[in-house]
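First up is the structure itself, then whatever we jot down about it.
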Amino acid sequence: MSLEASEINEASRNIVPPKLRKLSGLALRLVAAIEHWLEKRRSRRTLSELNDDQLRDVGLTPAEAKAEVSRSWFWIE
């Protein structure tokens, strides 16, 4: 079971001192940003594995797909 950020923030108001609330909010935003970055990375990796017919099905040309995949500055195989 995972908690949503809003649920964590609500619970933290009751148990976390005010000075630490800002830090916990920053940490949650950082985690959310990392999750977003990783999702974009996964999507670009999947896009790089599609063949021409599959790209056409999603409305992209191979050149458009290559341009999007190349936007990823950090790539681990």
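Observations
- Using a simple spin-label model with pseudo-atoms 7 Å out from Cα toward Cβ, THR46 and ALA33 lie 2.5 nm apart.
- Rolling a 1.4 Å probe over the protein chains gives SER24 an accessible area of about 30 Å².
- Under-5 Å amide H pairs with LEU50, H placed in peptide plane, nonlocal only: none
- Using 0.36 nm per residue and subtracting the Cα-Cα separation, the extra length available between VAL69 and GLN54 on full extension is 3.9 nm.
- At the residue level, GLU35 shows approximately 110 square angstrom of accessible surface with a 1.4 angstrom probe and all protein chains present.
- The 3J(HN,Hα) values that the Karplus relation (6.51, -1.76, 1.60; θ = phi - 60°) gives for region 35-42 are, in residue order, 4, 4, 4, 5, 5, 4, 5, 4 Hz. Gly and Pro appear as x.
The values are calculated or read from the model by the stated rules, or taken from the named source; none is laboratory data. Remember, predicted model here, so these are calculated numbers, not experimental data. Using ideal geometry, Cβ is built from the backbone for each residue, glycine included, and neighbour counts are taken over all protein chains shown. Protein only, heavy atoms only, side chains kept; ligands, DNA and RNA dropped before computing areas. Shrake-Rupley method; radii C 1.70, N 1.55, O 1.52, S 1.80 Å.
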